[in-house]
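Let me begin by presenting the structure, written as structure tokens, before commenting on it.
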Amino acid sequence: MTANLVAEIIKQGTPPNQVAKFIAQVLGCSEKTARNKISGISEFTVPEAMKINSDIFKNRQSIEYLFCKAPEKTA
């Protein structure tokens, strides 16, 4: 699961139950595809990760942080 990605999207004000819909809109895919990617059933492609970082976070987050498998601890 991409917990950091989900957490950062929620921090920006997206309700938790709307994260997959939000990502689906950004990527132009179905909500089910977005849910599968978030949960780790399928992988985000590099271009998808770059688009998410660019469109949602304006490249202020590192792709490594957003898409790591285990959440990183913050100080």
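The values are calculated or read from the model by the stated rules, or taken from the named source; none is laboratory data. Just so it is clear, the structure is predicted and the values come from calculations on it, not from any experiment. Quick reminder, even Gly has a Cβ in these numbers, built from the backbone with ideal geometry, and neighbours come from all protein chains shown. When the accessible area is computed, the model is the full protein with side chains, heavy atoms only, and any ligands, DNA or RNA have been set aside. Shrake-Rupley method; radii C 1.70, N 1.55, O 1.52, S 1.80 Å.
Annotation: per residue accessible area for the chain equals 62 Å², rounded to a whole number [probe 1.4 Å, protein chains only].
Toward the positive end of the charge dipole of the chain, with +1 on the Cβ of Lys and Arg and -1 on the Cβ of Asp and Glu, the farthest Cα among 67, 40, 19 is that of 19.
The label point for residue 18 and the one for residue 69, both projected 7 Å from the Cα toward the Cβ, are 3.2 nm apart.
So for the chain, considering every pair of alpha-carbon atoms, how many percent are separated by more than 20 Å?
Numbers: 507 of 2775 pairs.
Tail fraction, whole percent: 18.
Computed from backbone phi, the HN-Hα couplings of the stretch 28-45 come to x, 10, 6, 5, 5, 4, 4, 4, 4, 5, 4, 7, x, 5, 10, 9, 6, 7 Hz, rounded to whole numbers (Karplus: 6.51 cos²θ - 1.76 cosθ + 1.60, θ = phi - 60°; Gly and Pro given as x).
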